[in-house]
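Quick notes on the structure that follows.
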Amino acid sequence: MLRCCLVMMLLVANNSWGEGGMANITAGEYRPLYLSADSPVVSVSPFRLDKQPVTNQDFQNFVTKNPKWQRDNVPNIFAEKPYLSHWGKSANQHEPLASDLQKPVIYVSWYTAQAYCQAQQKRLPTVAEWEYVAQASSSQKDGSQEKGYQQKILDWYAKASKQPPTEVGKDEANYWGVHNMHGLIWEWTEDFNSNLISGESRDDSSVNKELYCASGSAGAVNPSDYAAFMRYGFRSSLNAKFTLGSLGFRCAQDGND
Amino acid sequence: MQNLLWEAWALDVRKMVTTKVNLMRMLIIAWLLSFSSLIMANSTVPSDSVYQVGGTWQTENGQPIKLESLAGKPQVIALIFTGCSNSCPIIVESMKRLENQTPSNLRNHVGFVLVSLTPDADSPKSLKAFAEKKGLSPNWILLKGNNELVRALSNTLNSRYKFVKDGDVAHSNTVTLLNSRGQIQVQASGTTTGIQPILEAIESIHPSSAIDSKP
């Protein structure tokens, strides 16, 4: 009886809907690149992160159980028109093509991603959590200084994203056992728009002045981390209802096993 | 639909009142009715309404409140936190000025909503204390949600915020006028002069349309 329960618990822990399960991420520190070298680091508490981006199949399961989030039903304020527009339509039902089931879901807004994660008692990772995991190489927690690490990411950024993403989990896992942090899609984060509080509004109550123009890169910890700059720039250009063909997500959860 | 159910229920009441079975039936029907009204309330929120965020919030009096129950009159809404020492007082002062400058025939038909950016730190009690300290009229309501709801609401209001060191929050200064259905009418910066477009929009509201009987 006890063994049976244990097996069940393991099954649930390892395969709670998403195919790849979650990776345990231990606590650590992360220095946001845009702060100056003597500014405080952000500590990241232990958490769990989906090993793979959410797939079309995962997302189909979600909208089937939660019809509010189907393409035809989603409130306008939560998603732009292209929401799930890469899915086909059969018998009045929008669904992914069979060949896309294991590809990451794209054309999803921040709201729809958040709703998906909440439906599984999860949440979107914060920028700090995401970047903390993303700086790992296949062998180190912080692989960002490894030779070729930056170049590999930049090579992907340099490619025009005309082609839809390929299937998840096919790349080499990083130190945490997490796949596809680079090279497949951009990903939503919980606080995607909070890092550059500037943009259109100069009336903000407080602004990271270090970010402005020339002082931005000059004051940054690691100006060579151009890839991270691109991610911050990309995120801050987003609006929560945007749906893009290169933008998906994965979920996180507090705590650790 | 609701009327039909109601008539059926009334008929039931007249026909059979005495036995326990019938009492049970009545209770079940009443229970079903309560659901139907919930569903109906939801479906009346327009697709592009900020009230789609939904969720159960708490007022400064500790009362639970559905976000969509703010519908029915225009609301001026801003995100603040009570520990804020920099721009929040300016936002609140600007909104108070707005209330004072609102034509007297409209004044009690426009609501003012302050949403806590720090639901973990703020309690209904601290919101109440804040309201009293600022001398806010009964036209104001202060809301506490949870971090997920606040982030979602903030995003629908095109507002940004970030927790920074020492419990401070860097946040946009946006004040939004919602119409009686929760659709964004005007957004402005919450400074003394910046808020002017909202006043102009309020002044252009026809008194008869301020209150929407069918939100």
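Residues of segment B:171-180 include at least one that is under 23 Å from A:Val42 (Cα atoms), open to solvent by less than 20 Å² (accessible area, probe 1.4 Å) and within 10 Å of chain A (Cβ to nearest Cβ).
Just checking, does segment B:139-155 include any residue being among the polar types (S, T, N, Q) and more than 18 Å from the chain's Cα centre (by Cα)? Looking through segment B:139-155, none of the residues is among the polar types (S, T, N, Q) and more than 18 Å from the chain's Cα centre (by Cα).
Is it fair to say B:Ala129 is surrounded by fewer than 21 Cβ atoms within 10 Å (Cβ to Cβ), more than 14 Å from every other protein chain (Cβ to nearest Cβ), over 16 Å from the mean Cα position of the chain (by Cα) and outside any helix (DSSP H, G or I)? Taking the combined requirement at face value, the residue does not satisfy it. The single condition from (1) within 14 Å of another protein chain (Cβ to nearest Cβ); (2) in contact with a strand residue (DSSP E or B) (Cβ under 7 Å, 6 or more places away or on another chain); (3) at pLDDT 90 or above that B:Ile141 fails is (1).
A quick yes/no check of all residues on (1) touching a residue at least 40 places away in the same chain (Cβ under 8 Å); (2) in a strand (DSSP E or B); (3) within 21 Å of B:Asp48 (Cα to Cα):
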residue: B:Ile77; (1), (2), (3): yes, yes, yes
residue: B:Arg97; (1), (2), (3): yes, no, no
residue: B:Ser104; (1), (2), (3): no, no, no
residue: B:Ser154; (1), (2), (3): yes, no, yes
residue: B:Leu177; (1), (2), (3): yes, yes, yes
residue: B:Gln187; (1), (2), (3): no, yes, yes
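Taking segment A:37-92 as the range and being hydroxyl-bearing (Ser, Thr, Tyr), in a strand (DSSP E or B) and modelled with pLDDT under 95 as the test, the residues that pass are A:Ser43, A:Ser90. Residues of segment A:90-124 that are more than 13 Å from chain B (Cβ to nearest Cβ) and closer than 17 Å to A:Asn180 by Cα: A:Asp100, A:Leu101, A:Gln102, A:Lys103, A:Pro104, A:Val105, A:Ile106.
When segment B:141-151 is filtered for residues that are closer than 18 Å to B:Lys66 by Cβ and open to solvent by 10 Å² or more (accessible area, probe 1.4 Å), the ones remaining, listed by number, are B:Ile141, B:Lys144, B:Gly145, B:Asn146, B:Glu148, B:Leu149.
The values are calculated or read from the model by the stated rules, or taken from the named source; none is laboratory data. All of these numbers come straight from a predicted model, not from anything done at the bench. Every residue, glycine as well, gets a Cβ built from its backbone with ideal geometry; the counts of neighbours run over all protein chains shown. With ligands, DNA and RNA removed, areas are computed over all heavy atoms of the protein, side chains included. Shrake-Rupley method; radii C 1.70, N 1.55, O 1.52, S 1.80 Å.
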